[in-house]
Every structure is written in C-alpha cells, then in structure tokens.
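Here is the structure we will look at, set down as structure tokens.
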Amino acid sequence: MKDISLVRILPQEPRVPFINVRMIAAALSVLAIIGSILLFSTRGLNYGIDFTGGTVIEINTSADPDDAAIRAALIDLGYEGATVQGIQPPVGALDQQGNPITHRLMRIGIQLADESGEAGQGAQQQALENLKEGLKESIGEFYVRNTEVVGSQVSGELRRKGIMSVALALLMVLGYIWFRFEWQFGLGAVFALAHDVILTIGVFSLTQIEFNLTIIAAILTIVGYSLNDTVIVYDRIRENLRKFKKMPLPQVLNVSINDTLSRTILTSLTTLLALVALYVLGGLALKGFSFAMIWGVFVGTYSSIFVASPLLLALKLKRGVNTGGEPKEV
Amino acid sequence: MLFFSRSKILMILGAVFIGLLLAIPNALPEKARDAMPGPFQRTINLGLDLQGGAHMLLEVDLSSILDQALVNERTAINDAFRRADDRPRTEFVRTDEGTILARMRTKEDADKAMPILQALSQPVDPTQLNSAKTTRVNRESDKNIRVTITDQNIEYIRKQTIEKSIGVLGRRIDPNGNLELILAPEGDKRILLQVPGAQNIDEIKDRINKSANLSFHLVNEKDSTNQKAMEIAMEPPHRVSAGDKYFPFSASNGQGGGLIVVERTRITGDCLKDSSGGPHPETNGAVVNFSFNVACATEFGRMTARNINKRFAVILDGEIITAPNIRSAITGGSGYIEGGFTLESARDLALLLNAGALPAKLEIVEERTVDPSLGADSIRAGKVASGIGLLGVAIFMWLSYGLRFGTIANLALSTNIILIAAALSLFGSTLTLPGIAGIILTIGMAVDANVLIFERIREETYNGKTPINAIETGYKRSMAPILDANITTLIAAITLYFVGSGPVRGFAVTLAIGIVMSVFTAVIFARLLTATWLRGKRPKSLPI
C-alpha cells in the first residue's frame, strides 16, 4: 500500500525568533490585561441567573411569537427589566408532539430587584407563577420547554464557589508544576494562566455574552488546556537546557518553542475543529461555553509561547541548579 | 518501549474488547439489550437536561424547627415543675436569645428546680453509649437558671428533620414508587430532588409546599360563642386564655369566621394508620376516611366520650377544615372528615396525610426543569457536533501524518470515544449537556498525545535515526511531557468536580475520564499498534 503524500505544515526545523519579540508581546499582554480589568470594573459582566438569582423560561408559542406583545405583557406584570430574546430552534428541533419547530422560540428572563428578607420567601417561585399566568392571558397558550429559577441564597453560593474553584485550580496547578519543575516554572505557568483567565473575563465583559456556571467550567478547562501547552514547552526547555549546555538562555527558549511549535499548532487546530463544530451545532446552551473555549485556545496558545516562556527569563532562571538530574521517566 | 510480552498484549486487547462490549449496549435497541448478560445491559445515564425532568433544591426552614424545639423544651419544663412532688415556684419560664431562662421565686425554689431540670436533659441519641445530653443547665445566679439546647442536640434535630422530610417527600411525590426519584440531602439544610421525565411539575410543587399538619382539637364552646372573647381572639396573638387559641375556618369549608380551641392535643397526623378519599356516604360530596392506630383510637374514644354534645375541630395547616358535633363516643378509631372537598381534593389530602406531615416548611431555592423535547434536541445537536468534530479531526490527522500513522492516531481516537462511553456506562455516571461538550472537547484534545509522539518521531527520524530507533526514542521522550500535561488538566477537572455543582460536574466527569482514556489509548494502545506494524513490515524508512 502506498502512503498518500504528507502535508507538512511547518518546516522540520522552524526558527521563528519568538523570544526576540518578547518585549512587544509583553507590552501587548500588559495592555490587554489593563484593558480587561478596566472593562470588568466599568462595564462588568453580564451575569446569568446562576449568579444573580432570577427566573428564565424558554417557551414555544403556536406560531412565530409576537415580541412586542410579550414585552407589553411583561411591563403589565411589573417586570420592566425583563429580557426577551428570540432564538432560532436548533436544526431538527421537535416540539412536544414530535412536530418540527419552524418558528422562533422565546427566552424570557426576570431578575427580581429585591428578594431579601421575609417577603423574599418563595418570591422567585411566585414570580414564575405570575409570569406564566400573565403571559397566558395576553398571548394565549404556549408550551414551556425550559424553566430555571435560582434563588438568591443559591446564586450567592454559586458565585463564591465559582471564584473559589478557579483560585483553587490555579493553586493546585502551581503546586504540581513546582513539584515537577522549579519554582520559576511554577510561577511562570501560573502567571500565564492568570493572564488567560483575565483576558477571558475581559472578552466576556467586552461582548456582554452571558456569564454563567458553564463559563466557569470553560475557564477551568482553559486553565487545563493552556497549562497543557505550557507544560509541553517547559518540558522541552528543561530537556534542551541539558542538551545545549553552552547555548545562551534566550536561544534555548527559542529553540524549545520552535521544537514544539508544530505540535502546538496541530493540537490547537484539532481542538478548534471540535469546538467550532460545537459552537455552530451545539445549540444555545453550549454557545457561550464553546465561544469561551475557542477564545481560550487562542489565548492559551499565545500565552504559553509569549508569556510563560519569556517569563522564565524575567524570573532569572538559573542554569545548572534547575537542570540537575536526569529527566524523570515513567 | 516497543516490546510487548504476550500477556501484556492480551491485557491491552482484553481491556479494549471489554470496553467495546460495555459501550455497545448504548447503540442497541432496548430489546436486544435485554438479551445481554447483566453488566453489559448498562447504558449511559442521561442527565435531566438531556432526558427532560425537574431538578430542585429545597431548603428546610431550620430556624422554625429550632424555635419549635425551644417551645417544646419550655412546655416540658413547665410540666415537670407542675408534676414535681415538691413543686418549685417560678416567676417565669421564657425563651431568651435562643435559650430558656427560668427565674424562680427564691433561692430555695431554684435549688429544688435544678435536679428537675437536670433530669430533663436526656441523651441525644439513646442508642449511643456516650451520647451528649439534649440540654445544658446553668445556674446563673441564686434565682436564675438557664437551659441551653446543646449543639449536638440541634445537629440531631437537623438530621432528623432532613431525614424525615426526605421520607415524606418521597411518599408524597411518588406514592407508587415508579418515578425513579432522586431525593438526597445536600449540604446542611437542603434537599436535592430530581424527577426524571415529563411530569406535572406544578402538581409536584403543590405537594412540596403543603405541610399537611393535621390535628383534632376540642372546641372551647364557652369562648367560641362569646362575642367579646372572639373579638379579642381574632387579633394576633389569637389568645384569650392560656392554652387556648383561635383558628379560622378554611376557605373550602365555606363557614367563615373561626373557633377558639384547646391548643394541646394528642390526636395529630401521627395517629393516622390510613386514610383515603371517597364519596360521602349520604350526600354527593366527598370525604376523607381515616383510621387511627390503637393508642390514638383509645385516646380519641376517651376524648369524645367526655365531651358529648361539644364540637371538635379538625385543623389542617392552621385552618379548621371541619368542626363536627360529638354525638356519641367514637371508639372504633375510624371515621371521616367532611370539609367541602371535591373527590379530587379529598384524594389529594388523603395522599398527603398518608405520607405524613413535613416537619418543617420547604422553600424551592433552585429549580431547573427541562422538557423532554428540549432534551432530545440537545442530544441530537450533541451527536451531530461530535460526529462532525470527530470526522474533521480524523481527516486532519490523515493529512498531517499520512495514511499509516494517521490511521493509528484515529484508531486510538475512536477507541478513546468507545472507552469513554464504556466508563460512563460502567460507573453509572450521568451524562449532561456540558458532559457532551466535555466529550467533544476531548475529541480535539485526545489526539494531542499522539501528535506529541509523532512529532517527536519525525524529529528523531530527521536527526538520522533508524525507524525502530526513532519510534523507540519518540515514545520514550514523549512520556514525561504527556503525563505532566495530562495530570495538570486532570487536576483542573477534579477541582471542577469537587467545587462545581449540577451539570458542571457532568462536564468534569467526562473530561476527566476522557483524559485518562486518551493517555491509555495514545500511549499504550497506539504504541501496541505501531509496534505490531513495525514487526510485520520492518520498514527501511518511516512514512511520517
């Protein structure tokens, strides 16, 4: 059997001078981080009900829904701040009777302004009742496909847990890298991860895409993915430090990044392929998640090349001390 | 690295084969599945967001339970003082900042009260030898004694409350036991309720919201017919004299107004042996038939015998549903309650009564209900997305590494997916929509280990190594980075599992399983394939 011709994306020994542009990259990263923090503190995030508490229903009306009538009904009910969002049904969507859905679905969200104290007992559930009753009166029968009600007690906890999980993951990863490498590597990796997390939050602030529990999951996955990339480059740096004892550090870093470049690009591309499929075909619930991940793949790849590796220079990685011993084999 | 002993080969192939067997039932129709042997009948458990259903978090109102515990303790203290042979005289016994403060008339009274109060303090859990006491008794001054409910007792009450609530909820929502409910404590004061499939959620919520506290009380006829007393009683705190309380008639009773009744009673919902809804024996209304257990039947017989031609009030959740006249002693321990019921509402009430009263009010603090049609949409979308993702990645691998190594990588990838399905089926873990996202992400990331190895092999070949040597070194050198990279991702996944909740956990599970399986398939299974190919072909150069 004859093998088909091979597509080589890159030359076998690419020598892109990544390290030489580290100052430009650093400036870019610092700017992006400042921008993200500014955005976050001024615009904030568009938190979903997971974190704010509230009620969201997705309904299927008998024909294309009348947005204006729904909005008017919501104002009549006293939910001025309600959000109404028409959504295209996913490809091949069927309704409860098994008929194809040909018109838009409606997603209606309300967040109660005040839900504290005694009056708040069951306020969310009451709001859900009112919403369903009131809508039925003004737009007729509809079918509820999805209901989400999150009380303020729960949303507060979810918020705390979300922040805690990201912080905890960063900490544990720092510990692992520290154990496997040297402290400069651990610190470099965590800086790079913090960079990725901040920029991801920045993008969500910029686009105002709903920030909910699945986005926290995405951020943690980005942490995992970006770290994956960083560890691979670091591993090669460690190996090359032993191999080229005389080579200056910046050059070792550059060779290492280039050695792993084709792998970095290939893996990013296959991951992106899967994620784009998810983004386009996965339906509304996974859009935010796959968007975050797609962004994360870019940022994570960028940061392992332009942030994590140059940081080793800045952190004054010392040769000899850090490179003692044979590579650990398993 | 390229030598595999016969037993090792058998083990690897055996693992893949068993994985395949475990995964296959998911693709079979239900009939064919039933014919398979036990462990191979299991399929992946679909989460509520995929199969449809309701997920609710119910919060137990623990503060009311603790208040109730204080009231009970105070009643017990008063009773104990009253029954004592040498009765200590009190100025007051009252609740005070979560404790009970008893002020006695004199120092001597307090001296007499101390042993009585200490005797009231019982082991929290009588089945345990070193169980803590229910209360702590402190002499604060000559006349003041403070009784505190111990933390251990509060904890015990909390556990009992949650446990009892779960039992009651199960009997209420699923009296016939065929809904496959999940009811479990979650944290300190919450209960997780999951109802799969298409159910009438509003009806379920109704059953959660009702306490169904039933009790039978004697009516204080003198006060209830006294206009003045009734006027006072209708205002909070609804009391005219000690031990009596005013309750309104329920709306369905239709009588309006209310009655003053003797608050203490021994005939409560706990007395019920059985109840059922049915038609009224004479009129065309509906009634709830009930029968008491033996102890309560005797007590009820005594209570009715002593109070002929008076009324007794049947109170449900703070409202009088009926107050019939006692014509003769009711000794049989059974009877029926009228209360303006319809046949349906009578049956509902009977169901609630049979299930027992909820020990505390429950609030639905989180609800996520997904219609099965939406779940089906999500599954379909997930299948399409993973199919296309898989195909794209496979083509990409062939293009990058040629037919030979591309096929090895893709075999490893397909095996990976099969093993994920097998692991999910075997462990009975739940696949959620984010879980599907985890699988699709794994499809993209799983080839990473193979990419690393192949790139390394390429590099070694380029450096002039022989095929066997290049492959050997390629695998050897890739091992450390592959493990480091995957362990770090695994750490993130595990963190996500322990800190995350609900569907996010489903994502963490599939991601973690995917990572472990991808290391197995890329590092061990694909290596076996490569080694077999090498031994068969002994190539002079590598097609990579």
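Bear in mind that the values in this text are calculations on the coordinates, not laboratory data. None of the values given here were measured: they were computed from a predicted structure. Cβ sites come from the backbone with ideal geometry, for glycine too, and all protein chains shown count toward neighbours.
Please report, in whole Å³, the volume per residue of the convex hull around the C-alpha atoms of region B:86-222.
Values: hull volume 29.4 nm³, N = 137.
Enclosed volume per residue, from the Cα hull, is 214 Å³.
For chain B, find the longest principal axis of its Cα atoms and tell me its angle to the long axis of helix B:526-537, 0 to 90°, nearest 10.
20
In the neighborhood of B:Ile308, defined by Cβ-to-Cβ distances under 15 Å, what is the net charge if each Lys or Arg adds +1 and each Asp or Glu adds -1? Write down the numbers at each step before the final one.
On the way: positive: B:Arg302, B:Arg306, B:Lys310, B:Arg311, B:Arg327; negative: B:Glu221.
With Lys, Arg at +1 and Asp, Glu at -1, the net is +4.
What list of ³J(HN,Hα) values in whole Hz, one per residue of region A:219-224 in order, does the Karplus curve 6.51 cos²θ - 1.76 cosθ + 1.60 (θ = phi - 60°) give from phi, with Gly and Pro shown as x?
4, 5, 5, 4, 4, x
Residue by residue through region B:128-135, which ³J(HN,Hα) values in whole Hz follow from phi under the Karplus form 6.51 cos²θ - 1.76 cosθ + 1.60 (θ = phi - 60°), with glycine and proline marked x?
9, 5, 9, 5, 5, 7, 6, 9
So what does log10 I(q)/I(0) come out to for the protein assembly as shown at q = 0.06 Å⁻¹, using the Debye formula with one equal point on every Cα and no solvent?
-0.57
Can you tell me the convex hull volume per residue for region B:214-342, based on C-alpha atoms, in Å³ to the nearest whole number? Don't skip to the answer; put the middle values down first.
Details: hull volume 14.0 nm³, N = 129.
Residue-normalised Cα hull volume stands at 109 Å³.
Shape of region B:63-155 from its Cα gyration tensor (a ≥ b ≥ c, root eigenvalues): rounded if a/c is under 1.5, otherwise prolate when a/b > b/c, or oblate? The partial results should precede the final answer.
On the way: a/c = 1.91, a/b = 1.49, b/c = 1.28.
The shape class here is prolate.
Are any of the pairs A:Lys287/B:Lys205; A:Lys245/B:Lys476; A:Lys245/B:Lys465; A:Lys243/A:Lys318; A:Lys161/A:Lys287 more than 25 Å apart by Cα-Cα distance, and if so, which? Walk me through the numbers before you get to the answer.
Values: A:Lys287/B:Lys205 31 Å; A:Lys245/B:Lys476 22 Å; A:Lys245/B:Lys465 22 Å; A:Lys243/A:Lys318 15 Å; A:Lys161/A:Lys287 23 Å.
Beyond 25 Å: A:Lys287/B:Lys205.
Rounded to the nearest 10 degrees, what's the angle between the helix A:249-259 long axis and the longest principal axis of chain A, both from Cα atoms, 0 to 90?
It works out to around 60 degrees.
If you add up the charges near B:Gln199, with Lys and Arg at +1 and Asp and Glu at -1, over every other residue whose beta carbon is less than 14 angstrom from its beta carbon, what do you get?
Values: positive: B:Arg172, B:Lys205, B:Arg207, B:Arg368; negative: B:Asp174, B:Glu180, B:Asp202, B:Glu203, B:Asp206, B:Glu367, B:Asp371.
Residues near B:Gln199 contribute -3 overall.
Assign one of three labels to region B:1-136, namely rounded, prolate or oblate, based on the Cα gyration tensor with a ≥ b ≥ c the square roots of its eigenvalues; rounded applies when a/c is under 1.5, prolate when it is not and a/b is larger than b/c, and oblate otherwise. Let's see the in-between values first.
On the way: a/c = 4.93, a/b = 3.20, b/c = 1.54.
The shape class here is prolate.
What's the local net charge at B:His238, with K and R +1, D and E -1, over the other residues with C-beta under 11 Å away?
On the way: positive: B:Arg239, B:Lys245; negative: B:Glu235, B:Asp244, B:Glu263.
Once positives and negatives cancel, what remains is -1.
Under a Cβ-only charge scheme (Lys and Arg +1, Asp and Glu -1), can you give me the dipole magnitude of region A:88-177 about the Cα centre, in debye to the nearest 20?
Details: 8 positive and 10 negative charges, 95 e Å.
For region A:88-177, the charge dipole is close to 460 debye.
What list do you get for A:Glu157, B:Glu366 if you sort them by fewest beta carbons within 10 Å?
With the sparsest Cβ surroundings first, the list reads A:Glu157, B:Glu366.
May I ask you to derive the FRET efficiency for A:Ala68 and A:Gln208 from their Cβ-Cβ distance with R0 = 22 Å, giving the value to the nearest 0.05? Walk me through the numbers on the way to the answer.
Numbers: r = 23 Å, r/R0 = 1.06.
My answer for the efficiency is 0.40.
Where both residues lie in the protein assembly as shown, what percent of DSSP beta bridges are antiparallel, nearest 5?
95
When B:Thr283, B:Thr99 are ordered from fewest to most other Cβ atoms inside 10 Å of their Cβ, what list results? The partial results should precede the final answer.
Numbers: B:Thr283 9, B:Thr99 16.
Fewest-to-most Cβ neighbours within 10 Å comes out as B:Thr283, B:Thr99.
To the nearest whole percent, what portion of all C-alpha pairs in chain B is separated by more than 40 angstrom?
Numbers: 73770 of 147696 pairs.
The answer is 50 percent, as a whole percent.
Treating region A:54-150 as a set of equal point scatterers at the Cα positions, no solvent, please give the Debye-formula log₁₀ I(q)/I(0) at q = 0.15, 0.25 Å⁻¹.
The calculated log intensity ratios at q = 0.15, 0.25 Å⁻¹ are -0.59, -1.38.
Which far-off residues, 5 or more places away or on another chain, put their amide H under 5 Å from the one on B:Thr150, with H placed in the peptide plane?
The answer is B:Thr135, B:Arg136.
Tell me, what are the semi-axes, in whole angstrom and largest first, of the equivalent ellipsoid of region B:306-352 as set by the roots of 5 times the Cα gyration tensor eigenvalues?
Values: eigenvalues 98, 32, 17 Å².
Listed largest to smallest, the semi-axes of region B:306-352 are 22, 13, 9 Å.
For chain A, report the translational diffusion coefficient in µm²/s to the nearest whole number, using Stokes-Einstein at 25 °C, 0.890 mPa s, and a Kirkwood Rh over Cα pairs. Working shown, then result.
Details: Rh = 23.0 Å.
The Stokes-Einstein estimate is 107 µm²/s.
Going by C-beta contacts inside 10 Å, put B:Trp533, A:Trp183, A:Trp295 in order with the fewest on the left. Kindly include the intermediate steps, with their values, before the conclusion.
Values: B:Trp533 16, A:Trp183 13, A:Trp295 20.
Fewest-to-most ranking of B:Trp533, A:Trp183, A:Trp295: A:Trp183, B:Trp533, A:Trp295.
How high is the relative contact order of region A:54-150? Use alpha-carbon pairs under 8 Å, at least six apart in sequence, and give a whole percent. Could you put the intermediate results ahead of the total?
On the way: 143 pairs, mean separation 47.3, N = 97.
The normalised contact order for region A:54-150 reaches 49 percent.
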